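Data block below; observations after.
All of the numbers you see were taken from the coordinates with simple rules; none came from a lab. Please read all numbers here as calculations on a predicted model, not as lab measurements. No Cβ is skipped: glycine too gets one built from the backbone with ideal geometry, and neighbour counts run over all protein chains shown.
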Amino acid sequence: MVGTMSVRQQQAELEELQAALRVAYDLAFDQEPPAGEQAEVLVDALRRALVAAQALSDGPGETGCREHPRGAVDPLHGDKQDPLPPGWGRCLLCNDRRRRAAGRRRR
Ligand SMILES: [Zn+2]
């Protein structure tokens, strides 16, 4: 399912886009200009809106990852000798982050 998007997925992206934009709109049109934590929430909301809008325009990439749709695919994905932990996706960037987090926890 590369480059194509189901109607349900499209709907989910659209809802994500709308929810994120609503948050951004509320913050941007508030009485007070967003500052500090509020400004961070605004940046995060706009980032989510951008990712969702991008997914609507090009569909999910090879990785199927919302954050890194054009990132590399983890070469261990689908490896039967050395399978990835359950719940891990195909995105190498996200899996590396999980590996680092797991490593920190062990130490
Ligand atoms: Zn990712």
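Numerical summary
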| read-out | value |
| --- | --- |
| Among 85, 24, 7 the positive-end extreme of the charge dipole of the chain (Cβ point charges) | 85 |
| Local electrostatic count, residue 42, Cβ distance below 13 Å [Lys/Arg +1, Asp/Glu -1] | -3 |
| Separation in nanometres of the label points that stand 7 Å from Cα toward Cβ, at residue 97 and residue 82 | 2.2 |
| Simple Cβ-charge dipole of segment 1-60, Lys/Arg +1 and Asp/Glu -1, about Cα centre, in debye nearest 20 | 300 |
| Note, ³J(HN,Hα) from phi for segment 10-23, Karplus 6.51, -1.76, 1.60, rounded to Hz, x at Gly and Pro | 4, 4, 5, 5, 5, 5, 4, 4, 5, 5, 5, 5, 4, 4 |
| Residues 16, 32, 67 arranged by fewest to most Cβ contacts within 10 Å | 32, 67, 16 |
| Degrees, to the nearest 10: 92-106 long Cα axis against longest axis of the chain | 80 |
| Residue-averaged [θ]222 nm for the chain, counting only DSSP H segments that reach four residues, each worth -39500 (n - 2.57) | -19000 deg cm²/dmol |
